[in-house]
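Could you have a look at this structure, given as structure tokens, before my questions?
The values are calculated or read from the model by the stated rules, or taken from the named source; none is laboratory data. Remember, predicted model here, so these are calculated numbers, not experimental data. Virtual Cβ from ideal backbone geometry, glycine too; neighbours counted across all protein chains shown.
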Amino acid sequence: MTLLTTVACTYDYEIPDSETEPMVVIFGQIVSESECVFSLHSTARPNGNLEIYSNIDDATVVVKGTDGQVFEGHGVGNFTGRFIVNVGKLSSDQKYYVEVSTPYGNFASEPMQPLDAPELTDICYEQSEVNKSINVMVTTADPHSLVYLLWQVDDYYEIYTPLTTQWKYCMGQNEGDSDGQNGTFEKISPEAYTNHGWRHAIALANFATNEDYGCGAITKRSIYTRTISDHRLQTRCCTRIKQMAITRQEYEYRRLMLNQTDNMGGLFTPMPSELPTNIKSVGERKAIGYIGVRGRTSMKEMYINGSDVGYKSQDNPQTFPQDGVSPLSLVYHGCSVYTHTPDTGDTMWTFTWCVDYRDKYWGGDAIDRPDFWQNKQ
């Protein structure tokens, strides 16, 4: 990632003296009239070298405002450390913040007023030639002033697995069936096949300032590159890019965090300058993160067809016999039934991702067909 400028700032923040104590890391942002995702993690270096990183599910997340509004979050669970908060309309003359309660302590972000972003006038992708990576670019309206911007990318994409199965293995419910041998093979109805579906992936793609553009419009700036083997391009991908305004302090936080994680090995690797944060703790335990507050945002969408860019799969589906291995062990190691012959009991297995679009192999989260989805014209 190439940044357009560097901002020199000084911040009052200290890394804990004891590297054995878990440090709480909070990612997220408060966006007006949006479903906001917060991620909670803890990290420490108990032996002074290896950095242990774990998700926090046992927590509460609440967004509050000086206008009295309260938006309570709910956890996704399954050891993801993710919490979703549905935030309503924010007032430009009020301040908003997030409160987080964890087993490691209670934390709150600095109350901030929502920032309005300039209009995102165009998004597009360019490819030097078919079968080469694509560059996704943005163009903004002229804000007539210095701005700092952040782009969020939501990808909705259609997946077809390389294999299709008509069978599934159901574990036995009998007491003592520790190896799953008393389970049953069941035929799947066609409407329940898992070889086709949709997924949704969300990420913060890039950030920049328009200082090098004379504080005017940013024109066709590449915010990320995608290889032609990316699963999002397998069939069709709807890419929605949201443009948000951020503060100079948040810009600097993201710049330093990117440099530290990419070049120095981790968030808590010693570095010449301190990592900024706007999260305060209620107690002695510290937290790292920067929770920005967004008012008006601007969004554009486009569809990218895999056939247009020369999608090239690197998937390597495999099938294999059971060969005396217990079904429980196969399922535990991420396998699913591929074929089964009831008369002989012969069964072939495969990796779950080969027959189930819901497997994490395909990235993002499995979703129903989006209401806005457009079939290829």
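Which of the residues belonging to segment 87-100 are surrounded by fewer than 20 Cβ atoms within 10 Å (Cβ to Cβ) and farther than 20 Å from Gly289 by Cα? Write out each step before concluding.
Looking only at segment 87-100, we keep the residues that are surrounded by fewer than 20 Cβ atoms within 10 Å (Cβ to Cβ), and these are 88-89, 91-95, 99.
Those that are surrounded by fewer than 20 Cβ atoms within 10 Å (Cβ to Cβ) and farther than 20 Å from Gly289 by Cα: Gly88, Lys89, Ser91, Ser92, Asp93, Gln94.
Name, by its number, the condition in (1) modelled with pLDDT of 90 or more; (2) small (Gly, Ala, Ser); (3) over 27 Å from Asp315 (Cβ atoms) that does not hold for Gly183.
Unmet for Gly183, out of (1) modelled with pLDDT of 90 or more; (2) small (Gly, Ala, Ser); (3) over 27 Å from Asp315 (Cβ atoms): (1).
If you don't mind, another one. Only one of Phe83, Phe107 is under 24 Å from Pro276 (Cβ atoms) and touching a Leu at 6+ places or on another chain (Cβ under 9 Å). Can you tell me which?
Details: Phe107 fails: touching a Leu at 6+ places or on another chain (Cβ under 9 Å).
Being under 24 Å from Pro276 (Cβ atoms) and touching a Leu at 6+ places or on another chain (Cβ under 9 Å) holds for just one of Phe83, Phe107, which is Phe83.
Taking segment 192-208 as the search range and keeping residues that are of a type in the set (S, T, N, Q) and at pLDDT 95 or above, which one is surrounded by the most Cβ atoms within 10 Å (Cβ to Cβ)?
Among those residues, the one meeting the criterion is Thr194.
Can you spot a residue in segment 62-82 that is part of a loop (DSSP other than H, G, I, E, B), touching a residue at least 12 places away in the same chain (Cβ under 8 Å) and of a type in the set (Asp, Glu)?
Within segment 62-82, one or more residues are part of a loop (DSSP other than H, G, I, E, B), touching a residue at least 12 places away in the same chain (Cβ under 8 Å) and of a type in the set (Asp, Glu).
Okay, residues lined up against (1) within 30 Å of Thr341 (Cα to Cα); (2) part of a loop (DSSP other than H, G, I, E, B); (3) out of contact with any Leu (no Cβ under 8 Å at 6 or more places or on another chain):
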{"residue": "Thr194", "(1), (2), (3)": "yes, yes, yes"}
{"residue": "Gly197", "(1), (2), (3)": "yes, no, yes"}
{"residue": "His200", "(1), (2), (3)": "no, no, yes"}
{"residue": "Ala205", "(1), (2), (3)": "no, no, yes"}
{"residue": "Ala208", "(1), (2), (3)": "no, no, no"}
{"residue": "Cys215", "(1), (2), (3)": "no, yes, no"}
{"residue": "Ile218", "(1), (2), (3)": "no, yes, no"}
{"residue": "Ser229", "(1), (2), (3)": "no, yes, yes"}
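If you don't mind, another one. Out of all the residues in segment 142-171, which are polar (S, T, N, Q), closer than 30 Å to Lys312 by Cα and out of contact with any Phe, Trp or Tyr (no Cβ under 7 Å at 6 or more places or on another chain)?
The answer is Gln152, Gln166.
Pick from segment 27-55 the residues that are farther than 21 Å from Ala201 by Cβ and at pLDDT 95 or above: which of them is surrounded by the most Cβ atoms within 10 Å (Cβ to Cβ)?
Ile30
Within 25 Å of Cys237 (Cβ to Cβ) and either modelled with pLDDT under 95 or part of a loop (DSSP other than H, G, I, E, B) (or both): which single residue out of Asp371, Asp343 fits that description?
Asp371
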